[in-house]
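The values are calculated or read from the model by the stated rules, or taken from the named source; none is laboratory data. As the structure is a computational prediction, the values presented were derived from the model and not from experiment. Note that we place each Cβ from the backbone using ideal geometry, even for glycine, and neighbour counts take in every protein chain shown. Side chains included, ligands, DNA and RNA excluded: accessible areas come from the protein's heavy atoms. Shrake-Rupley method; radii C 1.70, N 1.55, O 1.52, S 1.80 Å.
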Amino acid sequence: MGFFSKDIKTLDDLFVHTLRDIYYAEKQIVGALPKMIEKATAPELKAGFEKHLRETEGHVQRVEKVFDMHGVEAEEVDCPAIDGILEEADEVSGEVEDKNVLDAALIASAQAVEHYEMTRYGTLIAWAKQLGREDCASVLAQNLREEEATDKKLTDLAESRVNREAA
């Protein structure tokens with residue numbers, strides 16, 4: 001069991017812990033996206049990252065709303081998973097000189113982030129429903145829909161142009 005497991009005794013405890021995990025993750029992503037915007041060269045990718053930065057700021061606000069609705073303090077817990085994904089993204093994009101390959105690397109890194117977020121939100125929604133918190137599930141579902149839409153746009157951009165130009 002993990003170092004935090006002594007504090008998790010119920011599904012509600014697990015829900016709150018995971019909510020704090022995604023809260024930390026979203027805040028880290030808000031910090032990382034400006035660097036990705038700066039590195040992106042494809043105008044559509046740059047614009048997509050800018051749009052997603054605004055959405056991610058909204059995700060933070062929605063997660064804060066869920067904390068409030070659930071009657072717990074909005075706190076973060078370290079999330080080594082998102083830290084690792086963001087660190088890897090920074091390292092990979094720092095090593096790429098070809099701008100087309102760089103954009104492909106940025107898309108791949110962004111999708112790794114999106115997939116992490118989608119798994120967390122999907123789990124949180126299921127647990128919220130199990131806990132009788134349809135209200136919380138509904139707010140979290142808004143974030144999930146936006147994460148899924150961003151992932152689809154990234155896939156479409158990669159497959160329609162960026163990957164081909166990188167090859």
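Couple of notes before you dig in:
- Meets criteria (in a loop (DSSP other than H, G, I, E, B) and in contact (Cβ under 8 Å) with a residue 40 or more places away in the chain) for residue 72: yes
- Candidates 65, 39, 46: the one that is in contact with a Ser or Thr (Cβ under 9 Å, 6 or more places away or on another chain), at negative phi and open to solvent by 20 Å² or more (accessible area, probe 1.4 Å) is 39.
- Flag if residue 106 is more than 12 Å from the chain's Cα centre (by Cα) and touching a residue at least 12 places away in the same chain (Cβ under 8 Å): yes
- In region 113-167, the residues that are loosely packed, with under 15 Cβ neighbours inside 10 Å and closer than 18 Å to residue 28 by Cβ: 115, 119
- Members of region 76-102 found to be touching a residue at least 24 places away in the same chain (Cβ under 8 Å) and over 28 Å from residue 66 (Cβ atoms), listed by number: 88, 90, 93, 98, 99, 100, 101, 102
- Test result for residue 11, surrounded by 21 or more Cβ atoms within 10 Å (Cβ to Cβ), in contact with a helix residue (DSSP H, G or I) (Cβ under 7 Å, 6 or more places away or on another chain) and farther than 20 Å from residue 149 by Cα: no
- Criterion (within 17 Å of the chain's Cα centre (by Cα), of a type in the set (Val, Ile, Thr) and at pLDDT 95 or above) met by exactly one of 162, 77: 77
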